[in-house]
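Bear in mind these aren't lab numbers, they're just calculated from the coordinates by the rules spelled out. Note that the coordinates shown come from a computational prediction; the quantities given were computed from them, not determined experimentally. FYI the Cβ positions are ideal-geometry reconstructions off the backbone, even for glycines, and counts take in every protein chain you see.
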């Protein structure tokens, strides 16, 4: 199965152990998922669709993507643009972000509708997020959703993480409306209950699950922090407990790494409860390192088999 992730990769400034010292890397929600997916399932072809600039930092980003095993043939280069940048601030393991993304070429990723359609045609499973939608202008959002509808009609599977980030939207109403438009074109929904409860007033994870099912998703997996993961497919439903963690260092890519575990399971035909358990282990590992991309050692990979 060929997987295509769509979104924005940014330059990341992550805190180190030294005071007021940061280390630069490259990350972004859908790219993080692609990165973990390649580590977890190296036999699965994973491509990234985005746009970058024609400057030195954009070239370095592409190099890092290729070195990680993510295919970059679908990445567009936009003249006179660059990449966005964000800085992570940590407080007892919880993260907050400061962004500089006005010059980001990724905001134009849906302008070339032909390139977008071609990338989807070359793939079997297509993954994007609410952040992917949020960085686009209204025309770009419409183009992305229409391309996803067409791909779904052609037999492709669409996976979507709402990843609600209100600061990226003009208003909460604009955010929730666009999120549910995306929910209507996806097969696999990957919401996080804490965010959904805040912005959609869901009373419990079951309400979140039902709302995405009503929108048309046939597989819904509701993440809920340290609480059990709730899931439903056309044939089954249930929950999977999350193993307790002794410590949490940085939650930056908890959901992104979790999603990689789910998509790897879809690609290899693994039963969903097993994939969720595997995804929980992966997320548990990710939150014990700093920054978005925490290398996986062989013992973890063996435990995730």
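Points worth noting:
- Length added when fully stretched, residue 114-residue 218, from 0.36 nm per residue minus Cα-Cα: 34.6 nm
- Relative contact order of segment 217-305, defined on C-alpha pairs under 8 angstrom at six or more residues apart (%): 25 percent
- The relative contact order of the chain, computed from alpha carbon pairs under 8 Å that lie at least 6 residues apart in sequence, is 17 percent.
- Label-point gap, in nm, between residue 67 and residue 98 - each point 7 angstrom along Cα→Cβ: 2.7 nm
- When the chain is treated as a Gaussian network with alpha carbon springs shorter than 10 Å, the biggest mean-square fluctuation among 137, 161, 91 belongs to 91.
- Reducing segment 229-253 and segment 23-92 to their Cα centroids gives an inter-centroid distance of 26 Å.
- Distance in nm between pseudo-label sites at residue 201 and residue 181 (7 Å out along the Cβ direction from Cα): 2.3 nm
- With the cut-off at under 16 Å, measuring from each backbone N in segment 84-125 to a point 7 Å along the Cα-to-Cβ line of residue 22 picks out 84-91, 95-104.
- Antiparallel bridges, percent of DSSP beta bridges restricted to segment 1-119 (to nearest 5): 55 percent
- Among the listed values (i) 16.5; (ii) 14.7; (iii) 13.7, the one matching mean projected area of the Cα convex hull in nm² as calculated from this structure is (ii).
- Candidates 178, 32, 92, ranked by Gaussian network fluctuation over the chain, Cα under 10 Å, top entry: 92
- Least to most buried among 203, 10, 24, 175 (fewest other Cβ within 10 Å first): 203, 24, 175, 10
- Cα centroid of segment 142-202 to Cα centroid of segment 111-131, whole Å: 15 Å
- When only Cα pairs below 8 angstrom with a gap of at least 6 residues are kept, segment 1-129 shows a relative contact order of 33 percent.
- Label point at residue 268 placed 7 Å out along Cα→Cβ; residues across segment 14-48 whose backbone nitrogen lies under 20 Å: 32-47
- Computed from the Cβ-Cβ distance with R0 of 41 Å, the FRET efficiency linking residue 153 to residue 246 stands at 0.30.
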